[in-house]
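These notes are about the structure you will find just below.
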Amino acid sequence: MRQRGREGLREQRPVATMEAAEGRLSSEDSGEMGGGMAAAAVEGIMERIQSDDEECRVQAAKEIRRLTKTSPKHRRQLEGTVVPLVSMLRSSNPEFTEAAMLALLNLAVKDERNKIKIVDAGAVEPLIGFLRSTNSNLQEHATAALLTLTASSINKPIVSAAGAIPLLVKILRDGNLQAKVDAVMALYNLSTLPEDINTILAAKPIPPLVNLLKICKKSSKIAEKCTALVELLLGHDEGRMALTSEEGGVLSVVEVLEEGSPLSREHAIGALLTMCESDHCRYREVILNEGVMPGLLELTVQGTPKSQSKARSLLQLLRKSSYSGSELQAETLENILTNIVAQIDGDDCVGKAKKMLADMVQVSMEQSLRHLQKRAFATPTKQSRTKRQ
């Protein structure tokens, strides 16, 4: 198994669930608001958010942002502010638009009705405009807002039709780390529409996805979302070709298979299985050469039920080798397999596992080990940022 020389970058704002991920909340300190507001308070905010005084409107937007950060009741009470907030997005004043965006973001979190109201009010067009902005804050907030809005199935085709996908891939490639994370999840939301897959692939998302996988912690939520999107894209030939032609592409998936969370390991094994099932002869050696065997063998007995099933299927494909025999060095793999299986399934299963391993090692381990050694001493710019022991 591989040992990492560095942990990799972590998300700036950890995400516990997709529901929390959809709308990355503001970092302002705000306590949980227990009950709802009095009607007079709501009316006062409505008056200020529609004021002719720009400073008054900015302060009202900030108040809405604060009140709706943690309170579902306040989100519902203040839904009437959606239209004036969306109109603020068209201002040329960055402070004005930023305050409005952050207020809308909190209004939309975990509130399906507000998500739809925001899109119906015309927010998508200015938000997409901010994706093109050279202002990194506006770009980041717009990406987060689109992530939140695309959590609604009703909004997805509207966002796609407005041309968001190529710009989200550009953010994935060139944006700051948080914007990249939000772009991945927004693209994943949109990828559930079959008609959007070709648009996503045409924007060439695989290279930036691989780059993000290389620098993130493999057990992180970032890795989960990246591998989920990669698995989906590998169902298409363009995605498979892009991954195998990218430096360290397949390796990055193998590393998630080894070190990821249970969910990300499911996506990683699913991605590799999809590749091998699509063209057994074409991709078998590519996968084997990235040192997949130790992690794959472990996954057959220690993964989730879904991971175990997919790992066994992939093993069956990888063991069907047409390579001629050679002098093999399989002791390390055999020991790994024997120890894992012996601890869990007993002696009878050990014998079966050894027979499977004997079939698989028809592929020259000497060649594989030389490949790994050569990669270990490659320059940092041409290898995954890892350290093997």
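Neighbours of Leu131 by Cβ distance under 14 Å: Lys/Arg scored +1, Asp/Glu scored -1, total 0. Comparing Cα centroids, the range 62-103 and the range 196-230 end up 31 angstrom apart. Close amide H pairs (under 5 Å, H built 1.01 Å from N) link Cys216 with Leu9, residues at least 5 positions away or on another chain. Taking max minus min of the alpha-carbon positions on each principal axis, the range 127-191 gives extents of 29, 19, 17 Å, largest first.
Once you order the gyration tensor axes a ≥ b ≥ c over the Cα atoms, which shape class does the range 219-273 get: rounded for a/c under 1.5, otherwise prolate or oblate by comparing a/b with b/c? Present the calculation step by step, with values, prior to reporting the outcome.
Details: a/c = 2.01, a/b = 1.56, b/c = 1.29.
In terms of gyration-tensor shape, prolate.
Each peptide in 108-117, 84-93 gets a packing score, the mean of other Cβ atoms within 10 Å over its residues, and the list from highest to lowest is 108-117, 84-93.
Would you mind checking Lys117/Lys180; Lys62/Lys110; Lys110/Lys204; Lys73/Lys221 for any pair whose Cα atoms are more than 22 angstrom apart? In this structure, Lys117/Lys180; Lys110/Lys204; Lys73/Lys221 lie more than 22 Å apart at Cα. Normalising by residue count, the range 120-276 has a Cα convex hull of 97 Å³ per residue. Its relative contact order, with pairs defined as Cα atoms under 8 Å and 6+ residues apart, puts the range 188-267 at 35 percent. Restricting the range 179-282 to GluC sites (Glu not before Pro) that sit in a DSSP loop and have at most 14 other Cβ atoms within 10 Å of their own Cβ leaves nothing. Given contacts defined as C-alpha pairs under 8 Å and at least six residues apart, what's the relative contact order of the range 125-166, whole-number percent? Averaging sequence separation for qualifying contacts and normalising by length gives 35 percent for the range 125-166.
Rounded, prolate or oblate: pick one for the range 40-134, where a ≥ b ≥ c are the square roots of the eigenvalues of its C-alpha gyration tensor, a/c under 1.5 means rounded, and failing that, prolate if a/b is larger than b/c, else oblate. It comes out oblate by the Cα gyration axes.
Anisotropy class assigned to the range 88-198 is oblate, per the alpha carbon gyration tensor with a/c at or over the 1.5 cut-off and a/b no larger than b/c. If you take all other residues with their beta carbon under 11 Å from the beta carbon of Ser91, and give Lys and Arg +1 and Asp and Glu -1, the sum is -1. From most to least packed by mean Cβ count within 10 Å, the peptides 137-143, 98-104 give 98-104, 137-143. Summary value for the range 46-150: 25 percent relative contact order, contacts being C-alpha pairs under 8 angstrom separated by 6+ residues.
The numbers here are math on the coordinates, done by the rules we state, and not lab data. In this text, all values refer to a predicted model and were calculated from it rather than measured experimentally. When we count neighbours, we look across all protein chains shown, and the Cβ atoms used for this are built from the backbone with ideal geometry, even at glycine.
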